[in-house]
Amino acid sequence: MAALITDRELNLATLARQFLLRRAEVSALDAIEHLAGLQAQAPNPPYLALWARLKNFAAEDLSTLVEKRQVVRLVAMRGTVFALSAADAGPFRATVQTIMERDLHTNSTQRAALTGLDLDALAQAGRDLVADGPLTQMQMRPILAERFPGHAAEGLAHGVRGLLPMVQVPPRGLWGRSGAPALTTLENWLGAEVSSTPDPDAMVLRYLAAFGPASVKDAQAWSGLTRLAEVFERLRPGLITFVDAKGAEVFDLPDAPRPTSGTPPVRILAPFDNILLSHADRSRIMDEQYRTRVFTVNGIIKPAILVRGKVVGFAAVTPAKETVELSATLFAQQPKTALASIEKEARSLLKFMHPKIPTREVRFAVAT
């Protein structure tokens, strides 16, 4: 019979693997690989996620990796943009490719443009378009519309992005710089062939290393894949299992860290932080009653504030010419020691984000 694992033990195990029990002294590249990538729909969240997790992290550490093509930004798990190591990008994208292909047939906005289209021909057209250099989707649209008359240009460009692993190239994704995402194929960008073979077993093991212990539904929530129960069954002989407080079976790697005690430090997470998005049951990190305050109706996920390893509020940063302010909205009044720790962490974050702004303010409010 599987042993019981408490909510607190799940919390501590996940925090330890996410480098949120203590900041890790590893390289940014090693961290990204250990964490199985970072959510990167917007340019800045990967930097803020690493700042919260690594000791002595500097923004140029990640920018350099992006410029040197050691880290790439492309659509992967859950059909959203991730920052992944060059080594992981091909295998991870190949494993979740079915998500993008399903979207081509179910996306209510774009599927009409793709109905009746030869998708292999569209994929080849996409490869041809970026053979001489990256293009934005806006630049692709008129060329694709000419090649496939009668099909909406926006839907055609969306189809290329779904059919092919397309990298958002710099300056997109560089700290302090941005611009419209210009795209090229992963193969073009890396200058080498990339894996096109799905490997869900390897992906599940990587997931458990970064987010375990976890259930089948948790892994599906993180990846966006379905029918992972059969993968877990194949892997079961090499895994250990527990039963959580709700009676669900959770799996783990035998040698993964599972601390049973400790006081997690205060942390301010990145917007869209993966630790909030990678379990079907988020109660190990956030009480359900707070979800709608952190996850907005328009898809924004606010920077969450962790105290003792649980979400107690969210932050908002407002820069100006001479002053930058962090507003911390708390769901309940916190002890003075916690407020002092939040303020210290907030000032450190503001210095990281806006080192040239001389005055930094931290304000607290309690949500009603």
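At a glance:
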{"quantity": "Conditions (1) touching a helix residue (DSSP H, G or I) at 6+ places or on another chain (Cβ under 9 Å); (2) more than 29 Å from K246 (Cα to Cα); (3) not aromatic (F, W, Y); number of the one not met by T80", "calculated": "(1)"}
{"quantity": "Qualifying position, being free of Cβ contacts under 8 Å to residues at least 12 places away in the same chain and among the aliphatic types (A, V, I, L, M), among A145, A123, A113", "calculated": "A145"}
{"quantity": "Residue that is modelled with pLDDT of 95 or more, within 21 Å of T80 (Cβ to Cβ) and touching a Phe, Trp or Tyr at 6+ places or on another chain (Cβ under 6 Å), where the choices are V167, V204", "calculated": "V167"}
{"quantity": "Unique match (being more than 23 Å from I285 (Cα to Cα) and in contact with a Gly (Cβ under 7 Å, 6 or more places away or on another chain)) among A89, A28, A83, A76", "calculated": "A76"}
{"quantity": "Elements of type helices (runs of 4 or more DSSP H) in the range 60-127, at least 3 residues being open to solvent by 20 Å² or more (accessible area, probe 1.4 Å)", "calculated": "86-95, 97-106"}
{"quantity": "Within the range 272-286, considering residues that are in contact (Cβ under 8 Å) with a residue 60 or more places away in the chain and assigned to a loop (DSSP other than H, G, I, E, B), the one surrounded by the fewest Cβ atoms within 10 Å (Cβ to Cβ)", "calculated": "A280"}
{"quantity": "Filtered residues of the range 208-256 (kept if among the hydroxyl-bearing types (S, T, Y), closer than 27 Å to V75 by Cα and surrounded by fewer than 20 Cβ atoms within 10 Å (Cβ to Cβ))", "calculated": "T226"}
{"quantity": "Odd one out for T359 among (1) open to solvent by less than 30 Å² (accessible area, probe 1.4 Å); (2) among the β-branched types (V, I, T); (3) over 30 Å from R78 (Cα atoms)", "calculated": "(1)"}
{"quantity": "Tally of residues being out of contact with any Leu (no Cβ under 8 Å at 6 or more places or on another chain) and open to solvent by 50 Å² or more (accessible area, probe 1.4 Å) across the range 172-191", "calculated": "8"}
{"quantity": "Residues (of a type outside the set (F, W, Y) and assigned to a loop (DSSP other than H, G, I, E, B)) located in the range 1-21", "calculated": "M1, A2, I5, T6, Q18, L20, L21"}
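Each row is one residue, and each column tells you yes or no for (1) open to solvent by less than 10 Å² (accessible area, probe 1.4 Å); (2) under 26 Å from the mean Cα position of the chain (by Cα); (3) in contact (Cβ under 8 Å) with a residue 24 or more places away in the chain.
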| residue | (1), (2), (3) |
| --- | --- |
| G299 | no, yes, no |
| R308 | no, yes, yes |
| T318 | no, yes, no |
| T323 | no, no, yes |
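The values are calculated or read from the model by the stated rules, or taken from the named source; none is laboratory data. Keep in mind it's a predicted model, so treat the numbers as computed, not measured. Cβ: placed from backbone, ideal geometry, glycine included. Neighbour counts: every protein chain shown. Areas reflect the complete protein model, heavy atoms only, side chains present, ligands, DNA and RNA absent. Shrake-Rupley method; radii C 1.70, N 1.55, O 1.52, S 1.80 Å.
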